[in-house]
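The values are calculated or read from the model by the stated rules, or taken from the named source; none is laboratory data. The shown structure was predicted, so the numbers you read here are calculated from the model rather than taken from an experiment. Here Cβ is always computed from backbone atoms with ideal geometry, including for glycine, and neighbour counts include all displayed protein chains.
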Amino acid sequence: MDPARFTRVDPMTWRVEPQGAMRVPAIIYADENLIRDMDDKVFEQTTNVATLPGIVRASYAMPDAHWGYGFPIGGVAAFDPDQDGIVSAGGVGFDISCGVRTMLTGLSVADILPIQKSLAESFFRQIPAGVGSTGAISLDAFDMDAMLSGGAHWAIERGWGEIRDLERIEEKGKMAGAKPEYVSEHAKKRQRREMGTLGSGNHYLEVQAVTELFDTEVAEVFGLAQNDVVVSIHCGSRGLGHQIGSEFLKEMLLAAKASGIELPDRELACAPINSEVGQRYLGAMRAAINCALANREVLGHYARRIFTHFFPNCDLRLLFDVSHNTCKVESHVIDGKRRELFVHRKGATRAFGPGHASLPATLRPVGQPVLIGGSMGTDSYILVGDKTSEAKAFSSACHGAGRALSRHAALKRWSGRKIVDDLASQGIVIRSPSTRGVAEEAPGAYKDVGAVVAAAEQAGLSRRVARLRPLICIKG
Amino acid sequence: MTISTALAVRKVGWEHFPHDADIGVRGWGVTAVEAFEQAACALTAVITDADIKPQTSVEVKCEAPDLELLFVEWLNAIIYEMAVRNMLFGRFAVQLDGNCLTGTLWGEPVDVARHAPACEPKGATYTALKVFRNLDDRWSAECIVDV
């Protein structure tokens, strides 16, 4: 994008004043290089979101923003139900509550290196990933509804997780207001054999080494030290979330029309929060959030089982589990007044600063861990919500590197086999059922995640705590 | 992953087109029916380059207020059948009756070793969604698929 299309408020803040049907400004947080590299579609989509009814303060885009569906990926927008605000299925996305969890292993790189390949093989064989894989768990109708209501609690009650995990999961592991009865039979059928599966695309399980600490005090609170080994899992609500997204997108197109909402893009399909369709979507979407929380809890249990096989005394503790495709009701101060807003984060991570009431006592003094997944073979980062996060973008930060090249272009440029070999020579073991999938997810197809998190820090969205380097990556 | 050039000569074919995060599928033919069938081939090619044996057939029905939304419903119906049956489909037959579609999908169960599935489509989207007749009378049906 041409930076001249914006008013540059400060080195990291790029603003578009309301024009045409825009109700609020559009604001992108990024450095100049990231802005230049962004597709013009990010400008179009961020300003389109600014036209939606009930939007509060601004339509935001994070430093990793790229061309999405209706909303940009990296988009954040909050809506006030008392001002005819809307909820949008496109603003949450197809993979509802897709997110990242990071678990501390208590092991060091030196412990892992001698068994790195065997450990990778165990993960690859025991974590179902990609098309054609099914989980070991099969849900009947009763269990399905219990899972959709209970989230990570459901998984723990069945032995797939630990109670101490709950305080380290958003919503304490269970999203309130979930309505399994609003989830279609089609969506439930898609999920019957998918619990404890990783999915594909950019989803992964990684064993990572802590290679750099930016803030040693916060790192200590998080339990991170140089050369520590952690496990990170990136996935979401699987087929159930995808089906809910598709079904409500269609329904909200009609609902928007019926409510007289002019949509600049069909993918912005939405319904008033205070409407029958809006409430039904929220009930189904919250059930899908529970599905994602349960799924990551089950996958975390599998990771524990595998690690315990290699290290019988090993104790995997959850650092945090945070989603980046959601709509959540949150209390924010707007012009000195506290309001309950429906905050959409599409490819953006919640980043509560120090003192937030929802954080467990141990984390509250420093802020929420913000988990930023890199691409396959590149660094990931752990950030922490900052005092300035709320005023900047309703306590939100980036969620990953963001693609620089399409899958199409990546396939033309790289061979999957060569990428696996190259990364192996750098000490990174990749296991995937598809070499083409590896080529599509080539490290070079993504933006520099280091530049993205540096921009997030300079913009006041979150601060860097630690850098992680992959040792093992399991791709779907 | 490339234009099926041999078919393009016959005015029937498919291709993928780029999107920042995901992938576009485009099918074309002399009729909208052919364009829908070809786009379904493009959808399968998002997942695998391998041949799909037409061992079993599955019937789907869908409807929508207009032809473009019907196209998305059609692709979503295929995605749904792939997911719940754990199958891949390689041959498609479509019948259109106004804004109602009846489709037959021929395929086989996923064989991870042989098909080496690259990724899993989550849903067809309204992004870059177009169903139209070109100046040369060729129909085209296309949209971005979230993977």
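Quick notes on this structure:
- Look at (1) crowded, with 22+ Cβ neighbours inside 10 Å; (2) of a type in the set (S, T, N, Q); (3) within 12 Å of another protein chain (Cβ to nearest Cβ) and you find that B:Asn86 fails only one, number (1).
- Residues that are surrounded by fewer than 18 Cβ atoms within 10 Å (Cβ to Cβ) and over 22 Å from A:Thr102 (Cβ atoms), drawn from the stretch A:160-178: A:Ala176, A:Gly177
- Test result for A:Glu212, more than 14 Å from chain B (Cβ to nearest Cβ) and in a helix (DSSP H, G or I): no
- Take the conditions (1) modelled with pLDDT under 95; (2) surrounded by fewer than 19 Cβ atoms within 10 Å (Cβ to Cβ); (3) in contact with a Lys or Arg (Cβ under 9 Å, 6 or more places away or on another chain); A:Phe214 misses just one of them, which is (1).
- Number of the exception - A:Ala391 against (1) buried (at least 22 other Cβ atoms within 10 Å of the Cβ); (2) among the hydrophobic types (A, V, I, L, M, F, W, C); (3) more than 30 Å from B:His16 (Cβ to Cβ): (1)
- Pairs meeting the criteria (first residue in the stretch B:54-73 and more than 9 Å from every other protein chain (Cβ to nearest Cβ), second residue of a type in the set (Lys, Arg), beta carbons under 8 Å, at least 6 apart or on different chains) are B:Pro54/B:Arg91; B:Val58/B:Arg85.
- A:Val343 meets the conditions (1) surrounded by fewer than 17 Cβ atoms within 10 Å (Cβ to Cβ); (2) touching an Asp or Glu at 6+ places or on another chain (Cβ under 6 Å) in every case but one. The failed one is (1).
- Residue satisfying all of: in the stretch B:127-137; surrounded by fewer than 22 Cβ atoms within 10 Å (Cβ to Cβ) and closer than 30 Å to A:Trp67 by Cα; nearest to the other protein chains (Cβ to nearest Cβ) among these: B:Leu129
- Residue among B:Ala50, B:Ala39 that alone is in contact with a helix residue (DSSP H, G or I) (Cβ under 9 Å, 6 or more places away or on another chain) and more than 12 Å from every other protein chain (Cβ to nearest Cβ): B:Ala39
- For the condition part of a loop (DSSP other than H, G, I, E, B) and either over 30 Å from B:Ala116 (Cβ atoms) or hydroxyl-bearing (Ser, Thr, Tyr) (or both), A:Ala155 does not qualify.
- Of the residues making up the stretch A:181-192, those that are crowded, with 21+ Cβ neighbours inside 10 Å and in contact with a Gly (Cβ under 9 Å, 6 or more places away or on another chain) are A:Val183, A:Ala187, A:Arg190, A:Gln191.
- Restricting A:Ala78, A:Ala141, A:Ala152, A:Ala129 to those that are hydrophobic (A, V, I, L, M, F, W, C), under 21 Å from the mean Cα position of the chain (by Cα), at pLDDT 95 or above and farther than 19 Å from A:Leu282 by Cβ reduces the list to A:Ala152.
- Qualifying residues in the stretch A:175-209 (those that are of a type outside the set (Ser, Thr, Tyr) and farther than 24 Å from A:Ser149 by Cβ) - the one farthest from the other protein chains (Cβ to nearest Cβ): A:Ala209
- Qualifying residue in the stretch A:449-466 (condition: of a type in the set (A, V, I, L, M, F, W, C), within 10 Å of another protein chain (Cβ to nearest Cβ) and either surrounded by 23 or more Cβ atoms within 10 Å (Cβ to Cβ) or within 24 Å of A:Gly223 (Cβ to Cβ) (or both)): no
- Flag for A:Asn227 being touching a strand residue (DSSP E or B) at 6+ places or on another chain (Cβ under 9 Å) and under 23 Å from A:Ile115 (Cα atoms): yes
- Filter result (facing chain A (nearest Cβ under 7 Å), assigned to a loop (DSSP other than H, G, I, E, B) and out of contact with any Ser or Thr (no Cβ under 6 Å at 6 or more places or on another chain)) within the stretch B:112-126: B:Lys122, B:Thr125, B:Tyr126
- Selected residue (criterion: farthest from the chain's Cα centre (by Cα)) from residues of the stretch A:350-361 that are in a loop (DSSP other than H, G, I, E, B) and surrounded by 24 or more Cβ atoms within 10 Å (Cβ to Cβ): A:Phe352
- Considering (1) crowded, with 24+ Cβ neighbours inside 10 Å; (2) within 26 Å of A:Ala284 (Cβ to Cβ), the lone condition that A:Ser375 does not fulfil carries the number (2).
- Evaluation of A:Leu319 against the conditions (1) of a type in the set (A, V, I, L, M); (2) surrounded by fewer than 24 Cβ atoms within 10 Å (Cβ to Cβ); (3) farther than 19 Å from A:His399 by Cβ shows that the sole unmet condition is (3).
- Verdict on A:Ser246 being hydroxyl-bearing (Ser, Thr, Tyr), within 13 Å of chain B (Cβ to nearest Cβ), in contact with a helix residue (DSSP H, G or I) (Cβ under 6 Å, 6 or more places away or on another chain) and over 27 Å from A:Ser122 (Cα atoms): yes
- Helices (runs of 4 or more DSSP H) (entirely within the stretch B:1-111) containing at least 1 residues that are within 11 Å of the chain's Cα centre (by Cα): B:32-47, B:67-85
- Answer residue from the stretch A:17-53, given it is touching a Phe, Trp or Tyr at 6+ places or on another chain (Cβ under 6 Å) and not in a helix (DSSP H, G or I) and is surrounded by the most Cβ atoms within 10 Å (Cβ to Cβ) among those: A:Ile28
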